[in-house]
Amino acid sequence: MTTISNVAAQDSALPKVRVDLLPLLLVPVLALLMLPLIGSFPTWVTLTVAGLAMGMMVFMMASGLTLIFGLMDVLNFGHGAFVSVGAFTATLVLLPMKSWVEADSILLNLSVLGLAILLAMLVTGLLGWAFERIIIRPVYGLHLKQILITMGGMIVAEQLIHVIWGAEQIPLQLPTTFRGAFIIGDAALEKYRLIAVGVGLTVFVTMFLVLNRTKVGLLIRAGVENGEMVEALGYRIRRLFVGVFMAGSALAGLGGVMWGLYKETLTAAIGGEITVLVFIVIIIGGLGSVGGCFIGAMLVALIANYAGFLAPKVALVSDILLMVTVLLWRPQGLYPVAKR
C-alpha cells in the first residue's frame, strides 16, 4: 500500500505550482497608499503598528477556526466561547500572582504571562476535546445543525462563566513592563502591541512549519484536499480531527488571553463580540486557508485603524466593505482551499 511518505516523495519530485503572490502584496500596498492620505509619517507608523498588532490577535483567534473548517468542514459558531474561557482562565494566574504582574521586572512579567497562556491553552484544548466529542460529533456534515448547536454551546458557556466568575466585569491589568510605549522620533510604539506582533508571528511561523514540514502537517493538508484518500491509506483521520479541534480551541484560548489584556476588561461576551470579525477574516482569506487567514486579519485590522483616523464613521463598516470588495474580486477568498 502506498504510504504518506511515498506520496510526499512523489509530490516533492513534481514541478512546483507557482505561488499566487498578488494577495501577499495587499498589506504593504495598502500601508503605502495610506501614507500620503494620513500625511504625517510618525502618525502613519503608529497606526500601522497598532493595526498589525490587532491583526495578529485576530489571527490567533481565527487561525484555529479556519483550520477546523478546512479539515473538518465544521461551522463552529461557538468558537468565541473558547476565546472567553481562555481570557477568564488567565485570571486564575494573573490575579493571584498580582505581585509578579506589578513587579518592574520583564522576567517576572513574561513568566506570569507565559503561565497564564499555558493554562488558558490547556483548559481550552481540553474543553475543545469535550466539545468535539459531545456536541460536534453527532452533527458532522449537517451545517444547519452545526450552526444552531454551536451557537447554543456558546450561550451555555457564557452563562457558565457568569456562574464561575460572576456577572461583573473583571479588570485585567497589564504587566508593568508591558505598559507605555517606545518613542522613536515622533512615533509612539506601544510595548504591548509589539509583544502581540511577536506572539502572532510566532504562531504563524509555527503553524506554517507544522503544516508544511512535518508528517502531521502533510496528513492535515492531505485530509483537507481528500479525506477519503487519507483514510484509504490506513490513517485514522478521525483522530486527526480531534487533534485539530483541540489545537484550534487552544489557539482561541491564546487569542483570548492576548485580547483580554488588550481590552484590560473582561466580560463573558468578550468572545461573542469578536466572533463576527473572526468569520469575516476567514471568509476574506479563503475558507480553510491559514495563509489567507493571516493576510485577511492584517487587512481587516489595518483598514479599521486607518479608517478610524481618516473617517471614523466609515470605520464602523470597514470590515464589511473590505469583505464585499475581496469577494467581488475573488468570490472564494484570497487563498481558497481547492475542494471548497
GluC sites (Glu not before Pro) in segment 158-232 lying in a DSSP loop, each with at most 10 other Cβ atoms within 10 Å of its Cβ, come to GLU168
Taking a label point 7 Å from the Cα of TYR262 along Cα-to-Cβ, the residues of segment 87-126 whose backbone nitrogen sits under 14 Å from it are 87
Two-site FRET efficiency, LEU328 against LEU142, from Cβ-Cβ distance with R₀ of 35 Å, rounded to 0.05: 0.70
Taking the highest mean first, how do the peptides 93-106, 267-280 order by number of other beta carbon atoms within 10 angstrom per residue? 267-280, 93-106
What do you get when you divide the Cα radius of gyration of segment 200-281 by 2.2 N^0.38 Å, with N the number of residues? 1.36
With the full set of protein chains in place, find how many percent of the accessible area of the chain is carbon and sulfur; take the probe as 1.4 Å. 70
For segment 254-260, Karplus couplings with θ = phi - 60° (6.51, -1.76, 1.60), whole Hz, Gly/Pro x: 4, x, x, 4, 5, 5, x
Taking N as the number of residues in segment 123-180, what value does Rg over Cα atoms divided by 2.2 N^0.38 Å take? 1.59
Along Cα→Cβ, 7 Å out, is where each label goes; now give me the distance between the ones at ALA232 and LEU107 in nm to one decimal. 5.8
For LEU21 and LEU35, calculate 0.36 nm times their separation in residues minus their Cα-Cα distance, and state this gained length in nm to one decimal. 2.8 nm
Amide H proximity to ALA181 below 5 Å, modelled H, separation 5+ or other chain, gives LYS191
P(r) histogram, all alpha-carbon pairs of segment 152-297 included - 5 Å bins from 0, percent: 2, 8, 12, 17, 16, 15, 13, 9, 5, 3, 1, 0, 0
Gaussian network model of the chain, Cα within-10 Å springs - most flexible of ASN226, ASN109, ASN305: ASN226
Only helices counted: for the chain, with every DSSP H run of 4 or more residues adding -39500 (n - 2.57) and the sum spread over all residues, [θ] at 222 nm is -25000 deg cm²/dmol
Give the accessible surface of segment 124-198 per residue, rounded to a whole number of Å², with probe radius 1.4 Å and ligands, DNA and RNA excluded. 58
Arrange the peptides 74-84, 51-61 so that the one whose residues have, on average, the most other Cβ atoms within 10 Å appears first. 74-84, 51-61
By how many nm would the segment from PHE208 to VAL317 lengthen if fully extended, with 0.36 nm per residue of separation less the alpha-carbon distance? 36.1 nm
Could you work out the mean projected area of the convex hull around the alpha carbons of the chain, in square nanometres to one decimal? 18.6
Hey, can you grab everything whose amide H is under 5 Å from the amide H of ALA269? Only 5+ residues off in sequence or another chain; H modelled, so Pro and N-termini drop out. none
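The values are calculated or read from the model by the stated rules, or taken from the named source; none is laboratory data. Just so it is clear, the model here is predicted, and its values are computed rather than measured. Using ideal geometry, Cβ is built from the backbone for each residue, glycine included, and neighbour counts are taken over all protein chains shown. Calculation scope for accessible area: heavy atoms of the full protein, side chains included, ligands and nucleic acids excluded. Shrake-Rupley method; radii C 1.70, N 1.55, O 1.52, S 1.80 Å.
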